[in-house]
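The next block holds one structure in the form of structure tokens; read it before the comments.
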Amino acid sequence: MTVQRDLFASNRAWAKTITTNDPDFFQKLSRQQRPEYLWIGCADSRVPANEIVGLLPGELFVHRNVANVVVHTDLNCLSVIQYAVEVLGIDQIIVTGHYGCGGVIAALEQRPLGLIDNWLRHIQDIHRRHEPLFVPLPDGAARANLLCELNVIEQVANVCQTTMVRDAWERGRPLTVRGWIYGLADGLLQDLAMQVTRGDDPNVIYRQAVAAAQLRNGC
Ligand code: CO
């Protein structure tokens, strides 16, 4: 009960701060949402989507799961993408990973954690696909950094392969999918040069982004 009381008090203070600046804020927002971006990120408590990019409620459509994975059979994630693109008309999708991602590290170390091991298999597949790149790296931290970056690049590629994104491009929509990574230690976002828009060849950009990650990580 104590926890609940504190959170409600905190919520009232937050709502008051917003309405002090804009008395009609919630009234306007309750009528419709027009977010410009779909954010696909990690569920990690240290990577709060809106705060990181300084956006208010209503400005960011968000899907988060462990290790920001986009799986072609995940109806949850696919529904979010479909609703964002086809109903809300969003034309900017951002996949944001982060360094020090517990899901990525667990996948790398093959540490058994229970049910979630099945989810993290997707990241182990990415590791296996790029295994030679990891060989020259000096330690676990360096390997984790590389896998966190490669995971973002692969998930952007997965978003690009969804029927919703391909259909949008076929219809001439200027939809862009991009990959960023967030630093827990400095609070900064970094562009991973994995940005695909209509007319681009996703495979070419994918190869360039992987090459850039190799260069950045010294492998
Ligand atoms: Co994470």
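Every number here is computed from the coordinates shown, using simple stated rules; none is lab data. Everything numeric in this text was worked out from a predicted model, so none of it was measured. Virtual Cβ from ideal backbone geometry, glycine too; neighbours counted across all protein chains shown.
Adding -39500 (n - 2.57) for every DSSP H run of four residues or longer, then dividing by how many residues the chain holds, sets the calculated 222 nm ellipticity at -15500 deg cm²/dmol.
For residue 173, what charge total do you get from the other residues with a beta carbon under 10 Å from its beta carbon, if Lys and Arg give +1 and Asp and Glu give -1? Please list the in-between numbers first.
On the way: positive: 171, 198; negative: 86, 91, 167, 170.
In short, -2.
The largest-to-smallest principal axis extents of the Cα set in the chain are 56, 49, 31 Å. Under a Gaussian network description of the chain, with springs only between Cα atoms under 10 Å, the residue in 155, 195, 33 that fluctuates furthest is 33.
For the peptides 160-172, 130-142, the ranking by packing is 160-172, 130-142, with the highest mean count of neighbouring Cβ atoms within 10 Å listed first. Calculated FRET efficiency, residue 116 to residue 51, Cβ-Cβ distance, R0 = 30 Å: about 0.75 to the nearest 0.05.
When peptides 143-153, 59-69, 181-191, 75-85 are ranked by their average number of other Cβ atoms within 10 Å per residue, the highest-first order is 143-153, 59-69, 75-85, 181-191.
Taking 53, 177, 196 as the candidate residues, the one with maximal mean-square fluctuation in a Gaussian network model of the chain, Cα springs under 10 Å, is 53. Between the residues 97, 199, 188, the greatest Cα displacement towards the positive end of the dipole of segment 96-219, with unit charges on the Cβ of Lys, Arg, Asp and Glu, is found for 199.
Which percent, nearest 5, of DSSP beta bridges in the chain are antiparallel?
Of the beta bridges lying entirely in the chain, close to 30 percent run antiparallel.
Summarising the label geometry, the points placed 7 Å from Cα in the beta-carbon direction at residue 83 and residue 8 lie 2.7 nm from one another.
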